[in-house]
1. Kirkwood hydrodynamic radius (Cα pairs, Å) of the stretch 316-446?
2. Ratio of Rg to Rh for the stretch 388-446, alpha carbon only, Kirkwood?
3. So, counting K/R as plus one and D/E as minus one, what does the shell of residues with Cβ under 14 Å around residue 73 add up to?
4. Would you work out which of 335, 303, 102 lies farthest towards the positive end of the dipole of the chain, given +1 charges on the beta-carbon of Lys and Arg and -1 on that of Asp and Glu, about the Cα centre?
5. Which Cα, out of 411, 122, 7, lies furthest along the positive dipole direction of the chain (beta carbon charges, K/R +1, D/E -1)?
6. What FRET efficiency do you get for residue 404 and residue 120 if R0 is 51 Å and r is their Cβ-Cβ distance, rounded to the nearest 0.05?
7. About the Cα centre of the stretch 212-446, how large is the charge dipole given +1 on each Lys and Arg Cβ and -1 on each Asp and Glu Cβ? Please answer in debye to the nearest 20.
8. Just grab the label-to-label distance for residue 427 and residue 285, each label 7 Å out from Cα along the Cβ direction, in nm (one decimal).
Amino acid sequence: MAPKITVIGTGYLGATHAAAMAELGFEVLGLDVVPEKIELLSSGRVPMYEPGLEDLLRRHVAGIDGATGRLRFTTSYEEVADFGDVHFVCVNTPQKHGEYACDMSYVDSAVESLAPLLRRPALVVGKSTVPVGSAARLAARLLELAPAGEAAELAWNPEFLREGFAVQDTLHPDRIVVGVTSKQAEKQLREVYASPIGEGSPFVVTDFPTAELVKTSANSFLATKISFINAMAEVCEAADGDVVKLAEAIGHDERIGKKFLRAGIGFGGGCLPKDIRAFMARAGELGADQALTFLREVDSINMRRRGHMVELAREAVGGSFLGKRVAVLGAAFKPDSDDVRDSPALNVAGQIHLQGAQVTVYDPKGMENARALFPTLGYAPSALDAARGAHAVLHLTEWREFRDLDPQEVGAVVDERRILDGRNALDPQVWREADWTYRALGRPRI
Ligand code: UGA
């Protein structure tokens with residue numbers, strides 16, 4: 001019989017994983033400790049913006065008209081322990097306050113809550129991003145706490161989904177990595193992922209530490225790629241070169257590739273920044289800190305971009321923000337997401353506001369989250385409204401909507417036709433032809 005699945009933690013990762021498992025045909029029970037989230041999900045609504053996720057959820061949530069009923073939600077660990085054969089732990093691991101290390105309290109508490117209730121054979125599968133060594137520690141804890149004894153086993157199965165593409169990445173992963181200590185665990189996970197494996201997704205079987213490290217090293221590599229191109233942008237600025245052309249040209253080398261070479265205000269979000277810091281902290285604990293000192297540089301190049309964007313804007317408005325109006329297009333850390341965690345766009349908006357400008361922000365989906373985090377910034381209901389009376393317009397999150405803006409239409413409402421492209425995603429020629437002064441990071445003035 002097909003294994004019954006539970007998903008603990010229903011954030012971006014958990015909610016998507018639960019809906020995707022139901023889509024693959026499994027009976028799924030999702031758990032969260034926040035009752036409001038469970039109420040929302042049970043009515044087929046998603047507490048964040050993620051393209052396609054709500055549709056997927058509504059196809060399966062029990063009680064919704066026409067749904068398969070394969071997906072239910074609860075706040076009860078008892079219910080989860082009774083129901084599931086395979087339990088996915090999808091809670092978040094944020095950065096610790098005032099430290100680089102990651103906060104394991106949610107993962108620990110999930111295992112501590114579930115394990116003592118496991119009276120029958122079960123596979124507990126960690127998906128959260130954790131410091132290497134955590135799986136071994138949690139496996140020992142599981143053995144100590146679970147009444148089922150050795151029949152309750154742990155596996156580690158990192159997740160590589162991108163926000164904005166979460167549904168696609170979960171249903172059709174580019175690889176599945178599992179850290180296991182038994183053939184039985186591998187067999188069960190092959191069964192769970194039979195559909196993507198059948199489609200050709202590589203299935204990589206390894207030990208606990210390697211599985212944990214695959215995740216942190218993948219994110220470190222991506223962060224390094226972005227900081228590499230942003231470092232080249234700095235050099236281009238000094239030498240009057242064009243980083244966009246440079247990225248295009250080096251990207252033709254297949255060993256380098258074109259992806260993740262978009263220079264701009266850098267990476268943010270709930271993953272890359274905290275993951276590279278937690279990785280450095282963990283390597284330090286293991287006595288391998290020297291191996292990752294380059295990540296400190298990756299982090300500082302990244303943070304420097306934000307400051308540089310502020311300077312570019314200050315220079316553009318004549319050297320001081322006092323009495324100036326600045327429009328900020330974009331608040332989310334990337335397009336197709338409403339996530340504003342460590343968003344470079346909001347960070348830049350906040351700095352400019354603190355330097356005396358009147359800042360008005362517009363984002364297609366991230367307004368509510370942005371307002372909660374930066375209540376003192378101004379917010380407008382559209383790009384055009386944000387731009388009204390502006391002395392400079394800053395393009396800081398590359399939503400399609402912003403690429404489709406008509407420079408003439410925006411030009412009619414601003415005070416000065418000055419645009420700064422923090423994402424190198426607008427077409428400079430189109431804006432310049434409409435009499436705008438266009439500036440971007442790492443590109444020549446004219
Ligand atoms: C990232 C990884 O890409 C996923 O594989 C991983 O599963 C996820 O973290 C995670 O650990 O959960 P995500 O945070 O959704 O996914 O965002 P990315 O698409 O990686 O973008 C991160 C940041 O880099 C964004 O702020 C984006 O604007 C920026 N970026 C990306 C650039 O500045 N330049 C680029 O060329 C690409």
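1. Over the stretch 316-446, the inverse of the mean reciprocal pair distance is 14.4 Å.
2. 0.91
3. Net charge around residue 73: 0.
4. So the residue furthest toward the plus end is 303.
5. Towards the positive end, the residue furthest out is 411.
6. Efficiency for this residue pair is about 0.40.
7. 320
8. Modelled inter-label distance: 5.1 nm.
The values are calculated or read from the model by the stated rules, or taken from the named source; none is laboratory data. Quick caveat, the model's predicted, so the values are computed rather than measured. In this analysis, Cβ positions are derived from the backbone assuming ideal geometry, glycine residues included, and neighbour counts consider all displayed protein chains. The area values use the complete protein model at the heavy-atom level, side chains included, leaving out ligands, DNA and RNA. Shrake-Rupley method; radii C 1.70, N 1.55, O 1.52, S 1.80 Å.
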